[in-house]
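Colleague: I have a structure I would like to understand better, so I am pasting it below and will then ask my questions one at a time.
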Amino acid sequence: MSGVLLLTTLAVAVMVAGAVGTLLRWGVLAVVRHRGVRGGTAWVNVPASLAAGAVAAAGWAEPATVAALALCGGVSTYSSLALEAARALQERSREGAAVVGGGMALGLLAGAAGAGAVLLLS
Amino acid sequence: MRPSRAQPLSDAPLSRPSAGGTLAVAAGGAAGSLARVAVVAPAAAALGVPAAAATLVVNVVGCVVIGMVSGPRRGAPAWLATGVLGGFTTFSGWVLDVGRLLPHAPAAALLLLLATPSLCIGGCLLGQRVRG
């Protein structure tokens, strides 16, 4: 593929992956909030990190890796997580702070677990 | 002032979003993701800025902006908060950056590990304060 064509393909792939990931996050968080389930953004950030760790360790060709990581990036979010943290601080909610901190720790562990699983199996 | 009320839970079915609203959230997510992957990341590479630093800046900027646009009662519109800012910021990118730095530059990995949540939460609070 020529350089321009490859870049255009990558840009389209990133946009599609970002859109699909964003809609997935929107849907999952709507259900989480509707049902009043604890955890908030951890419900999207932890699975996205698990998948991102696995993709990064899989060593696919660049376009596939870029698109897959864009999907993970679209599913995960830091802005909504920061809002959750800000709310927990303002309400002095220990539970809210624990959920935010626990979600971060679980996300980091999930990324390592995803990469580790792929490296062990390959 | 409207009286504050607990979030209604689970009794009513989840309302189905409109086609236009769904399209707007998807378009926002596409734009936010493209800005992060195809604009900020290559620009940082061209300037010699490490990829992890670019992700950090992206996340902090997204968190400041969400603080500025989110009111205490009503959040920002979904196309902006869920779409553009959710697509722009990335939690999985932070996790990957920490993991990539850890074997070669453990001090930088630890710095990124602590700086991202601190600056993102601080940035969000700052954004809320700017909004007033």
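Read the figures in this text as sums done on the coordinates, not as results from a lab. None of these values were measured; they are calculated from a predicted model. Cβ atoms come from the backbone with ideal geometry, glycine included; neighbour counts cover every protein chain shown.
Colleague: Can you sort A:HIS34, B:HIS104 from fewest to most other Cβ atoms within 10 Å of each residue's own Cβ?
Modeller: By the 10 Å Cβ count, ascending: B:HIS104, A:HIS34.
Colleague: Let me ask something else about it. Please work out how much length the chain gains when fully extended from A:SER93 to A:ALA30, using 0.36 nm per residue of separation minus the C-alpha to C-alpha distance, in nm with one decimal.
Modeller: Taking 0.36 nm per residue and subtracting the Cα distance, the gain is 20.5 nm.
Colleague: Over the Cα atoms of the protein assembly as shown, what is the Rg over Rh ratio if Rh follows Kirkwood?
Modeller: 0.97
Colleague: Subtract the Cα-Cα distance of A:ALA105 and A:THR65 from 0.36 nm times their separation in residues, and report this length gain in nm to one decimal.
Modeller: Working: separation 40, 0.36 × 40 = 14.40 nm, distance 2.44 nm.
Extra length available between A:ALA105 and A:THR65 comes to 12.0 nm.
Colleague: Right, something else. Mind checking the mean number of beta-carbon atoms from other chains within 10 Å of the Cβ atoms in A:87-100?
Modeller: Per-residue shielding by partner chains comes out at 1.
Colleague: Assign unit charges at the C-beta atoms only (+1 for Lys and Arg, -1 for Asp and Glu), then state the dipole size of the protein assembly as shown relative to its Cα centre in Debye, rounded to the nearest 20.
Modeller: Value, rounded to 20: 880 debye.
Colleague: Per DSSP helix of 4 or more residues, -39500 (n - 2.57); summed, then divided by the residues of chain A. What does that give at 222 nm, rounded to the nearest 500?
Modeller: -29500 deg cm²/dmol
Colleague: Still on this structure: So, counting K/R as plus one and D/E as minus one, what does the shell of residues with Cβ under 15 Å around B:GLY29 add up to?
Modeller: Numbers: positive: A:ARG25, B:ARG36; negative: none.
Its environment carries a net charge of +2.
Colleague: Oh, and also: Determine, from the Cβ-Cβ distance of B:ALA45 and B:ALA12 and an R0 of 41 Å, the FRET efficiency 1/(1 + (r/R0)^6), rounded to the nearest 0.05.
Modeller: Working: r = 48 Å, r/R0 = 1.18.
Efficiency, rounded to the nearest 0.05: 0.25.
Colleague: Work out the charge dipole of segment B:8-132 with +1 on the Cβ of Lys and Arg and -1 on the Cβ of Asp and Glu about the Cα centre, then indicate which of B:CYS63, B:LEU80, B:VAL130 is farthest towards its positive end.
Modeller: B:VAL130
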